[in-house]
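Read through the structure below, which is laid out as structure tokens, and then see the notes.
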Amino acid sequence: MIILSWNAKVNLMKSLVDRFFSKNQSSTVCLIGEVNTGKSTLANRISTDFAAQKMSETSEVPHETRTINKMEHIDFKIGKNKLDLTLVDTPGIATSVDYKEFIQHGMTEQEAYNRAKEATSGIIASINFLKQVDVALVLMDATKPPFDQVSLTILGTLEMHKTKTIICANKTDLEGANTDIIKSSFPHVSVVPISALKGHGMNELYNEIISIA
């Protein structure tokens, strides 16, 4: 018979408790939101922090991301908790896509038509993909009022699917950012103020993800 000391018993019990309560599971985390709210910047921030590589292209031209972009098997570890994370960056959602906007960025008319067509297809794909999501990170521009049709449609769809949701109030580094209005507008949803560009608030976001995934 092996007789354990009191300290050994305590350490064994602590190890068993940590193992029981720690998370080690797979989860699909999807970034979704209006055009130019910083989804791809946030995707790159997360993938760089946990996989040491960027996953998305960014641009000042609207609808740079026009297809669903995935990075699988990210070792997302916070303390003793760990997720086998699939990170998904989706095309920006818009109520309409105007090809003329792309011409203003130097594209030919044919290039603009093609981009508008791809962007529209991407919007449809983004909304449909929400059925497969474990956790949705809804990006909102903290410098703009949150009462827009796009955000309400996204949140309504996620609520219908009963998807775990975190609102990322992004661009807090910019003048005029107001995260309080976002928090008061959606009191039933967790809101985390961040700057994906500067890295502000990322630890808080990572802890929030691990707690609900």
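For the Cα atoms of the chain, what angle does the longest principal axis make with the long axis of helix 202-212, in degrees from 0 to 90, nearest 10?
Value to nearest ten degrees: 70.
Find me the longest stretch of the chain that has none of the exposed GluC sites (Glu not before Pro), where exposed means in a DSSP loop (not H, G, I, E or B) with at most 13 other Cβ atoms within 10 Å.
Working: sites that count: E57, E60, E175.
So the longest stretch without any such site is 61-174.
Could you sort out which of K82/K183; K117/K144; K162/K183; K100/K131; K117/K183 sit more than 30 Å apart by Cα distance in this structure? Each step should come with its number before you reach the end.
Details: K82/K183 28 Å; K117/K144 27 Å; K162/K183 20 Å; K100/K131 32 Å; K117/K183 35 Å.
With Cα atoms farther than 30 Å apart: K100/K131; K117/K183.
Using Cα-only point scatterers and the Debye equation, what is log10 of I(q)/I(0) for the stretch 27-212 at each q in 0.10, 0.11 Å⁻¹, rounded to two decimals?
Treating every Cα as an identical point scatterer, log10 I(q)/I(0) equals -0.37, -0.45.
What trypsin sites (Lys or Arg not before Pro) in the stretch 147-179 are in a loop by DSSP, with at most 13 other Cβ atoms within 10 Å of the Cβ?
Values: sites: K162, K164, K171; in loops: K162, K171.
Sparse-neighbourhood loop trypsin sites (Lys or Arg not before Pro): K162.
In whole Hz, with x marking every Gly and Pro, tabulate ³J(HN,Hα) for the stretch 138-148 from phi via Karplus 6.51 cos²θ - 1.76 cosθ + 1.60, θ = phi - 60°.
Running phi through 6.51 cos²θ - 1.76 cosθ + 1.60 with θ = phi - 60° gives 8, 7, 10, 7, 5, 8, 10, x, x, 8, 10 Hz.
Once the other residues with Cβ under 15 Å from the Cβ of G201 are scored (Lys, Arg +1; Asp, Glu -1), what is the net sum?
Values: positive: R45, K171, K183, K198; negative: D49, D141, D173, D180, E204, E208.
Every neighbour counted, the sum reads -2.
Only the coordinates and a few stated rules stand behind these numbers; no lab work does. Source: prediction; values computed, not measured. Please note: Cβ atoms are built from the backbone with ideal geometry, for glycine as well, and neighbour counts cover all protein chains shown.
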